[in-house]
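Each remark here refers to the structure printed beneath this line.
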Amino acid sequence: MAIMGASFEIGRSALTAYQAAISVVGQNIANVGNSDYARQSAHLAARSTGSTATGVEVNALQRHVDEALEARLRSSLGQRSGAETIHTTLSSIESLYNELSDTDLSTQLSEFFGSFAQLQTDPLEYASRELVISSADAVIRTLQQQRSGLLTEIEDLNSSARDMAETANGLAEQIADLNQRIVTAEGSGTGQSSSLRDQRDACLRELAELVDIQTRQYDNGVINVYVGSEPLVDFGHSRGLTTETITEDGLERVSVRFADNNGTVIMSDGRLAATLEARDTYVVDQLNQLDTLAQAIIYEVNRVHSQGCGLVAYESQTSTFAMADVTVALDTTDAGLTYPVQNGTFQVRIRDKFTGQVTTKMIEVDLDGLNGDDTTLTALAVDLNAVPGLSATITSGQKLKLDVTDGYEFSFAEDTSGVLAALGLGNFFEGTNATTMDVRSDIRNNPQLIATSLSGAQGDGSNAGDLAAVGTTASDLLGSLSITDYQEAITNRLAIDTAAAETEYIAADAVYSSLTAQRQSISGVDLDEEAINLTMYERAFEGASRFLTVVNTLTAELLTLVE
């Protein structure tokens, strides 16, 4: 009868073991569409008591996970998401610039300088003068739209960085909590808590997509998480991530910090790091280049324009740009001028409107750095005041104001110092960047002031010809490139960067796809394989049932014989 008892135990253990194995297969099949699930398998082992076999048991559940592959997959995921973020940002800037269209900036610059060429042929044509202003407005409008679009892009990237840092912080807290739950669940000796480990692996992948992380796993099931060389999750504690907003060069920039000590988080890969890189390396750079281009257009056009004369001259004019200090040399930093001034001269022409007589006075701008007598705005006003018929004063806003005696008008010529363009006298444009750029109000109100002439003669369009050539003339403000060449270089560089970002994303995506396929082959559920396992365990369960039936029949027969 002892033999029969052992047989019953063998059959019972087989039923229990294969029922458990079938449950594992069912769990795998149920999660076939769950990308975060790691396939499990029941490990069967013979039960024995001493030298006596007592059946079979499921002594372990195995999670099919390659930790080294998981680490490479997380790293690849961060690189892929980062490359995608850079490419998306650059593509957005390309769309903003809208090059190769009929309304792009390069076309509008060509039309603007071309309008001066048209004016050169007929400087008396009022419609041509209106065309110059409307063409200038198109350039200004496009520059301002592009700058506004770049600022919006920076705001969006800042907002995205805040959201991603908040998400990453939540994931770190979940990982810390799961560490504690895994240790508690597995501390009872019942084996691995597969579902909790699956949840933690999913959180780690999500976190790696945002921030490049390194992990260290311990025998008790804990995984510590590091960003750079700094710990983020230590067992059940998360240091937390937060953001800080600072203003730099007039732009708000979000940075990522550790929540516990406000320490800097050093990141090299991941969507969050790429978001900050896209903002600081690409968008801000585009913004600076756009402002540099606008500055060059303003200055180079103004420098030529200020040396000519329109159909009418000026009776009164106030410089556009205020001085920070009127008592220091014009070329010093303390003077506060945006545009460069150098040692040189310029001419002031005073014209009697009744007789047509013109008196020309040469004004010296001494900026040679010798003898300590370099020209200041105060000294310049004194020199201009000495010109017969001209009055020069410095306003309370530290600008230079010029007036003439009734019946006279004035204009400028042959400025080798650049002081007229730097101060904003006789200029076509006002402003210092794409935001403040505009056609000077007196020219907008009276297009006859557009300086087409060098001689002052009504039909002279020589200065308009010089203005037409500004777009293709090398500028010191642009590193000896012309305005059109610099604008072309901006768009070409952007196109190259965008293409390179796309290539990097494609390469990163290929690596990620390959690693994902490798993970799927190890951790993924194969329905064909599970069907085979299900059939095998089902047959084993049926065999165990049949075995117990036979044992039960034999036992009944033995009991009958005994009776």
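State, as an integer percentage, the relative contact order of the chain based on alpha-carbon contacts under 8 Å between residues 6 or more apart.
21
Rounded to two decimals, what is Rg over Rh for segment 267-393 when you use alpha-carbon atoms and the Kirkwood radius? Spell out each step's value before the answer.
Details: Rg = 21.3 Å, Rh = 18.2 Å.
Radius of gyration over Kirkwood radius for segment 267-393 works out to 1.17.
Relative to the present Cα-Cα distance, how much length would full extension add between residue 121 and residue 332 at 0.36 nm per residue of separation?
Fully extending the segment from residue 121 to residue 332 adds 71.9 nm.
For residue 31, what charge total do you get from the other residues with a beta carbon under 13 Å from its beta carbon, if Lys and Arg give +1 and Asp and Glu give -1?
Local net charge: -2.
With helices defined as uninterrupted DSSP H runs, which ones in the chain have an alpha carbon span along their own long axis of at least 15 Å and mean Kyte-Doolittle hydropathy of at least -1.0?
2-30, 67-97, 105-121, 126-186, 194-210, 284-305, 483-523, 527-562
Rounded, prolate or oblate, given the Cα gyration tensor of segment 60-191, with a/c below 1.5 counting as rounded?
Numbers: a/c = 9.73, a/b = 4.03, b/c = 2.41.
Prolate shape, in that a/c is at least 1.5 and a/b is the bigger ratio.
Loop by DSSP (not H, G, I, E, B), at most 16 other beta-carbon atoms within 10 Å: where is the longest site-free stretch of the chain for chymotrypsin sites (Phe, Trp or Tyr not before Pro)?
1-217
Using only Cα positions of segment 338-468, each an equal point scatterer, no hydration layer, compute I(q)/I(0) via Debye at q = 0.11, 0.18, 0.22 Å⁻¹ and quote the log10 values to two decimals.
-0.43, -1.20, -1.64
What are the ³J(HN,Hα) values, in whole Hz, obtained from phi via the Karplus relation 6.51 cos²θ - 1.76 cosθ + 1.60 with θ = phi - 60°, for each residue of segment 308-324 in sequence order, with x given for Gly and Pro?
x, 9, x, 5, 10, 9, 9, 9, 7, 7, 10, 4, 6, 9, 7, 8, 6
In segment 1-133, what is the volume of the convex hull around the alpha carbon atoms, normalised per residue and reported in Å³?
Per residue, the Cα convex hull of segment 1-133 comes to 126 Å³.
Once you have a ≥ b ≥ c as the square roots of the Cα gyration tensor eigenvalues for segment 234-281, tell me rounded if a/c is under 1.5, and otherwise prolate or oblate according to whether a/b is larger than b/c. Before the final figure, lay out the partial values.
Working: a/c = 3.51, a/b = 1.62, b/c = 2.17.
Oblate.
Rg and Dmax in Å for the chain, alpha carbons only: what are they?
When restricted to the Cα atoms of the chain, Rg and Dmax are 40.0, 153 Å.
Using a cut-off of 26 Å between alpha-carbon atoms, which lysines can reach residue 353, once sequence neighbours fewer than 8 places away in the same chain are excluded?
361, 401
If you wrap segment 100-259's Cα atoms in a convex hull and average its projection over all directions, what's the area in nm²?
Seen from a random direction, the Cα hull of segment 100-259 projects 14.1 nm² on average.
Report, as a whole number in µm² per second, the diffusion coefficient that Stokes-Einstein gives for segment 279-352 at 25 °C and 0.890 mPa s using the Kirkwood radius over alpha carbon pairs.
159
If packing is taken as the average number of other Cβ atoms within 10 Å across a peptide's residues, how do 131-137, 419-425 rank, most packed first?
419-425, 131-137
Would you please put 239-248, 178-187 in order of how densely packed they are, using the mean number of other Cβ atoms within 10 angstrom per residue and starting with the highest?
The most tightly packed comes first, giving 178-187, 239-248.
Since every read-out is calculated from the coordinates, none of them should be taken as a lab result. Quantities reported herein were computed from a predicted structural model and do not represent experimental measurements. Cβ: placed from backbone, ideal geometry, glycine included. Neighbour counts: every protein chain shown.
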